[in-house]
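Just below is one structure, and these are the notes that go with it.
The values are calculated or read from the model by the stated rules, or taken from the named source; none is laboratory data. Just so it is clear, the model here is predicted, and its values are computed rather than measured. What goes into the accessible areas is simple: the full protein's heavy atoms, side chains included, and nothing from ligands, DNA or RNA. Shrake-Rupley method; radii C 1.70, N 1.55, O 1.52, S 1.80 Å.
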Amino acid sequence: MKSFNIILKSINDVKDFVNMVNKYDFDVDLTSGRYVVDAKSIMGIFSLDLAKPIKVDVHSDDCEKFCDEIKNFIQ
């Protein structure tokens, strides 16, 4: 498992991020405060406080390609 923080600044950032996550078959969770949502759920992401950094938990040991793809969102 790998963890890091991301920033999603706009609706388009959220849409692009969800599209990237959905390409992969492993689970990705987003945590903001005490809320944890599935990163593949656009509605779940919009329920988080997007003004703050969001913690990402990637449930895979082979996620380098994914991390490289989302590098623009990593804080």
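Among the candidates Y24, Y35, which residue alone is open to solvent by 80 Å² or more (accessible area, probe 1.4 Å), at pLDDT 95 or above and among the aromatic types (F, W, Y)? One residue alone meets the criteria, Y35. Taken together, the residues in segment 42-72 that are over 12 Å from the mean Cα position of the chain (by Cα), open to solvent by less than 50 Å² (accessible area, probe 1.4 Å) and either modelled with pLDDT of 95 or more or not hydrophobic (A, V, I, L, M, F, W, C) (or both) amount to 1.
Please enumerate the residues belonging to segment 31-41 that are over 12 Å from the mean Cα position of the chain (by Cα) and of a type in the set (G, A, S). Within segment 31-41, just G33 meets the criteria. Do we find that D29 is among the acidic types (D, E) and under 15 Å from I6 (Cα atoms) in this structure? So D29 passes the test.
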